[in-house]
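Have a look at the structure below, then the notes.
The values are calculated or read from the model by the stated rules, or taken from the named source; none is laboratory data. Predicted model, so just to flag it, every value in this text is computed and none were measured. Glycine gets a Cβ as well: all are built from the backbone with ideal geometry, and neighbour counts include every protein chain shown. The area values use the complete protein model at the heavy-atom level, side chains included, leaving out ligands, DNA and RNA. Shrake-Rupley method; radii C 1.70, N 1.55, O 1.52, S 1.80 Å.
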Amino acid sequence: MRKALGCAHTPLLITTRHKQAWVHKWPRFKRWQELEKEMKDDYEQKQRMKGFIRFPTGMYLTPERPEDVAPKKDLADMTRKETGAFPIDLHTNHTQMRYLDHSVDNVRRFKRYTHFQGLQYDQRMIPERLLFLGADLAAAHFLVHRGAAVKFLGDDLWYKRNKKGYSLPGRKVPGLYIEAIDASGTELMFEGFENLHDLKHLRMLRLANCEYVDDWVMSKIAGCMPELEMLDLSGCDRISAKGLMGLKNLKMLKYLRLEGLDAVKDLGQAALLLEESISNLKVLGVDYDEQMRRLEAETRLLAHPRVVQDAKGNAFAEDDSGRLFYISGAVNERSAVDDEDRPIMTSTIRREIPEMDDMEFEKLDRLSGGKLRHFLVGSPSGYSWTEQTEKILQHEKKLLDKKGVPVHPKMLPAEKRDKSAPLLDDEWQSILEQEKLNLEKQSFEPMGEDRHLAAGKRENSDL
């Protein structure tokens, strides 16, 4: 009974010391034999510490590390840390690293994604800033801190951050309203526009060359900036024609600048529809001739008897053997490039050359913008089809000439190929002229009430 009582009191002391050392671990039930062993080991450890260096007076010095006086364990009883071996976690991580993509392009993609996540968190909406500064001044602090410039109503100065910082009021100022914002070249994104609400006096917004401005931003602009008159979206290549149609609710918009967006599909059509829906709008920077040329080329390409489409809108060229060769659509054509957007690799897996007439192949290649020959070569350039493809064709021709191997006529460089393939047939030239006339009629057609009056006049004249 005495032994049981003694053991009942000991867990209290041991458990208390254990809780102080391991705060975040749940206490484990221990049998009284284990507790006695722990007390014995603890007593022996204290005696060894006291006996490390003992003086005749009874004083002693303990070692810096308790391990110096601990009894040596057998090798089988030692842990990996005690034997000096690498931890098992390190071996596991090293083994898993073999299955990761360590290419330069993937590392860049990972860094861009982590930077993107940091921007999302940095541009979050902070209610306290809006509460203490007000809508306009809070937006000014948010924009200027991230490299943009702002202009207030009735003030000719532009406030922008410099090496010494920036100077803006730190408390709410009555009658202080933002009139213009120049955020060109900044990393402003959709999350950041949550800080630009209730700007009732904003008339001008420049977002030229903003990397993260996309279609979602267009919907945000149309919803929170009703008084906007001038908008610059030059160089924002993430915008599509459908996203631009979200700006049709900006009835006060007068100038829309879209320079550097020639690669956007159906850009000219979207610009014409915006000018029709907004009465005083003038769209700048759109090359309508180039848009018409691309529309005509796409129409001819899809109307070619060898071109077929799938359910996703991707176009393929079918050769005499029934094989399909991708030429246009929604497939990601971006390649592995270095920091200067130059290709760092070319594909060694090449499709067989299509079995079709050389003239027909050349015509399909020109209608697709060079993509048919581009993908056959395996050139990884997602921006300039012709330049990188021709370099590879010239290099491969030199190698094959040295080996005495004949080059297929479809894979010859530009200076060696037959350039007599027809560019525009007479029937397609007439279709192109008809489409131009239709666009001119749409652009000069009366709108709103004038359109109904014109329709009424035509009906009266017919009667």
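In order along the stretch 180-197, the Karplus-derived 3J(HN,Hα) couplings, from 6.51 cos²θ - 1.76 cosθ + 1.60 at θ = phi - 60°, round to 9, 10, 10, 10, 5, x, 8, 9, 5, 10, 4, 4, x, 6, 5, 8, 10, 7 Hz, and Gly and Pro are given as x.
Our Cα-only numbers for the stretch 142-219 put the radius of gyration and Dmax at 12.7, 36 Å.
Using the Kirkwood radius over C-alpha pairs as Rh, can you work out the diffusion coefficient of the stretch 205-251 via Stokes-Einstein at 10 °C, viscosity 1.306 mPa s, in µm² per second?
Result for D is 150 µm²/s.
The accessible-area ordering, largest first, of the residues Lys363, Lys40 stands as Lys40, Lys363, per a 1.4 angstrom probe.
State the extension gain, in nm to one decimal, for the chain segment bounded by Gln47 and Lys403, taking 0.36 nm per residue of separation less the distance between their alpha-carbons. Write down the numbers at each step before the final one.
Numbers: separation 356, 0.36 × 356 = 128.16 nm, distance 8.53 nm.
Taking Gln47 through Lys403 to full extension adds about 119.6 nm, to one decimal.
Summing charges over all other residues whose Cβ lies under 10 Å from the Cβ of Val144, with Lys and Arg as +1 and Asp and Glu as -1, gives +3.
So for the stretch 242-317, what percent of the C-alpha to C-alpha distances run longer than 15 Å? Across the stretch 242-317, Cα pairs with separations above 15 Å total 61 percent.
Packing, as the average of other Cβ atoms within 10 Å across residues, places the peptides 188-200, 392-404, 56-68 in the order 188-200, 392-404, 56-68, highest first.
For the listed peptides 223-233, 45-55, 294-304, a ranking on the average number of other beta carbons within 10 Å per residue, highest first, reads 223-233, 294-304, 45-55. The gain in end-to-end length when the Lys160 to Phe29 segment is fully stretched comes to 40.7 nm, 0.36 nm per residue minus the alpha carbon separation.
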